[in-house]
Amino acid sequence: MITVPRIVEVRKRVLKENDLIAHQLRDKFRECNVRVVSLVSSPGSGKTTLLERTLTILHRTHHRVAALVGDLATENDAERLRRSGAPVRQITTGTVCHLDASMVSRALSEWDLHQVEVLFIENVGNLVCPSSYDLGEDLRAVLLSATEGEDKPLKYPSIFNSADVAVITKMDLAAVAEFDRRAAAANIQTVRPGMRVVELSAKNGDGMDEWISCVLGRSAAVPHTNAG
Amino acid sequence: MHELSIALSIIDLAEEEMRLYGGERVRSIRIEVGSLAGVASDALLFSFGLACEGTPAEGSRLIVHETAGRQLDVVAVEIEP
């Protein structure tokens, strides 16, 4: 019991509750042998199209895949992704601009994770808020579409810093959009030196092989540093 | 705009410390916000004012130290009897 005002030294992470749940999720994923890949980007960068294509390829090649999709409202993305044949669950966040670990944990409560080999988590389209929340994933991919401009990494350094791999989507439109690949690569390296970059087009299939290897953890992935 | 939920978490942490030391009110909270934490200090300060209402931290001051890196930490809490 204090009788006079005092200053208490604390040093605690503000998001420790989220980090604790993310840690529990990571333990559970490891125990069930599930690889978890999350996708973050601004709205309209092609997360759902990339995921639809990825789920279809993996499902067809007999990988057991599943996905959680976050959006403020509607079941549209989940319905689109279910066409791949994989189990998909929509998380509608209402007004919340990001997914957090407890939403992921709740959404997974009825799934038998032993039946899943690769789980995808598509975050709400937002380049700011999702960067603060660890979801227990093994690999976080940040998407940047060729039509968005090369300077997105410089404008949103925190999300690029929280991710493990940068995926440049819509490369089939690169020429039309006058997308400068070298400038984009240089900007990514400025905010996150050594970051792996995968260029692809989910529409024509270019670069999908490299992406699938990355998803399955088959080539050297950059270590996850989200806890830093 | 996730600063409101961040503000609520900060107040929860401060209240935990206050109870631990048997205080009744929180006078100030000192936090460190990394430039890569994905949190805007202005929005956080605005949200904090709203989030404090009706809690032992109502009227308290949030002191934000901007640092490099990704940390988002509460570093000190000033509590009153």
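For the interface of chains A and B, what total accessible area is buried with a 1.4 Å probe, rounded to the nearest 100 Å²? Write down the numbers at each step before the final one.
Values: alone 11600 and 4880 Å², together 13850 Å².
Summed over both sides, the interface buries about 2600 Å².
Would you compute the Debye intensity of segment A:36-75 from its alpha-carbon atoms alone, equal scatterers and no solvent, and pass along log10 I(q)/I(0) at q = 0.24 Å⁻¹ to two decimals?
For segment A:36-75 at q = 0.24 Å⁻¹, log10 I(q)/I(0) is -0.91.
Reachable aspartates and glutamates from A:Lys203, Cα under 12 Å, same-chain residues fewer than 8 places away excluded?
A:Glu52, A:Asp172
Karplus couplings for segment A:193-198 from phi (6.51 cos²θ - 1.76 cosθ + 1.60, θ = phi - 60°), rounded to Hz, Gly and Pro as x?
Using θ = phi - 60°, the values come out as x, x, 5, 6, 10, 10 Hz.
Which is the longest part of chain A that has none of the GluC sites (Glu not before Pro) sitting in a DSSP loop with at most 12 other Cβ atoms within 10 Å? Walk me through the numbers on the way to the answer.
Values: sites that count: A:Glu110, A:Glu178.
Result for the longest clean stretch: A:1-109.
List the residues, sorted by chain then number, that are 5 or more residues from A:Glu199 or on another chain and whose placed amide H is less than 5 Å from its amide H.
Amide H neighbours of A:Glu199: A:Ile168.
What per residue convex hull volume, in Å³, do the alpha-carbon atoms of the protein assembly as shown yield?
Numbers: hull volume 41.2 nm³, N = 309.
Convex hull of Cα atoms, per residue: 133 Å³.
Expressed as a whole number of Å, what is the distance separating the alpha-carbon centroids of segment A:1-49 and segment A:142-184?
Rounded to whole Å, the Cα centres lie 26 Å apart.
Go through segment A:135-164 and flag every residue whose accessible area shrinks by 40 Å² or more with all protein chains in place compared to the isolated chain (probe 1.4 Å).
A:Ser158, A:Asn161
For segment A:69-98, state which trypsin sites (Lys or Arg not before Pro) are in a DSSP loop and have at most 11 other beta carbons lying within 10 Å of their beta carbon.
Working: sites: A:Arg80, A:Arg82, A:Arg83, A:Arg89; in loops: A:Arg83.
Loop-located and lightly packed - A:Arg83.
Which of the residues in segment A:12-58 lose at least 30 Å² of accessible area when you go from the chain alone to all protein chains together (probe 1.4 Å)?
Residues of segment A:12-58 that lose at least 30 Å² of accessible area once the other chains are added: A:Lys12, A:Arg13, A:Val14, A:Leu15, A:Lys16.
Loop-only GluC sites (Glu not before Pro) in segment B:33-81, please: DSSP not H, G, I, E or B, and at most 11 other Cβ atoms within 10 Å.
Hits after loop and neighbour filter: B:Glu53.
For a quick check: with amide H placed at 1.01 Å from N, whose amide H comes under 5 Å from B:Arg25's, ignoring anything fewer than 5 positions away on the same chain?
B:Glu80
For the protein assembly as shown, which whole-number percentage of the solvent-accessible area (1.4 Å probe, protein heavy atoms only) is attributable to carbon and sulfur atoms?
On the way: 7030 of 13850 Å².
Exposed carbon and sulfur together represent 51 percent of the surface.
For the cross-link pairs A:Lys47/A:Lys155; A:Lys47/A:Lys170; A:Lys12/A:Lys47, which exceed 22 Å when the distance is taken from alpha carbon to alpha carbon?
On the way: A:Lys47/A:Lys155 20 Å; A:Lys47/A:Lys170 11 Å; A:Lys12/A:Lys47 34 Å.
The answer is A:Lys12/A:Lys47.
5 Å is the cut-off here: which amide hydrogens, built 1.01 Å from N in the peptide plane, fall below it relative to B:Ile63, excluding neighbours closer than 5 in sequence?
Correct list: B:Ile29, B:Arg30, B:Ile31.
For chain A, what does the helix formula give at 222 nm: sum of -39500 (n - 2.57) over DSSP H segments with n ≥ 4, over the residue count, nearest 500 deg cm²/dmol? If you can, show how the numbers build up before the last one.
Numbers: 8 runs with 74 residues, N = 228.
The helix-only estimate for chain A comes to -9500 deg cm²/dmol at 222 nm.
Can you work out the Karplus-derived ³J(HN,Hα) for every residue in segment A:40-53? Use 6.51 cos²θ - 1.76 cosθ + 1.60 with θ = phi - 60°, whole Hz, and x for glycine or proline.
Calculated HN-Hα couplings, in order: 10, 5, 6, x, x, 7, x, 4, 5, 5, 5, 5, 4, 5 Hz.
The values are calculated or read from the model by the stated rules, or taken from the named source; none is laboratory data. Being a predicted model, the structure only gives us computed values, none of them experimental. Here Cβ is always computed from backbone atoms with ideal geometry, including for glycine, and neighbour counts include all displayed protein chains. The accessibility values were calculated without ligands, DNA or RNA, using every heavy atom of the protein model including side chains. Shrake-Rupley method; radii C 1.70, N 1.55, O 1.52, S 1.80 Å.
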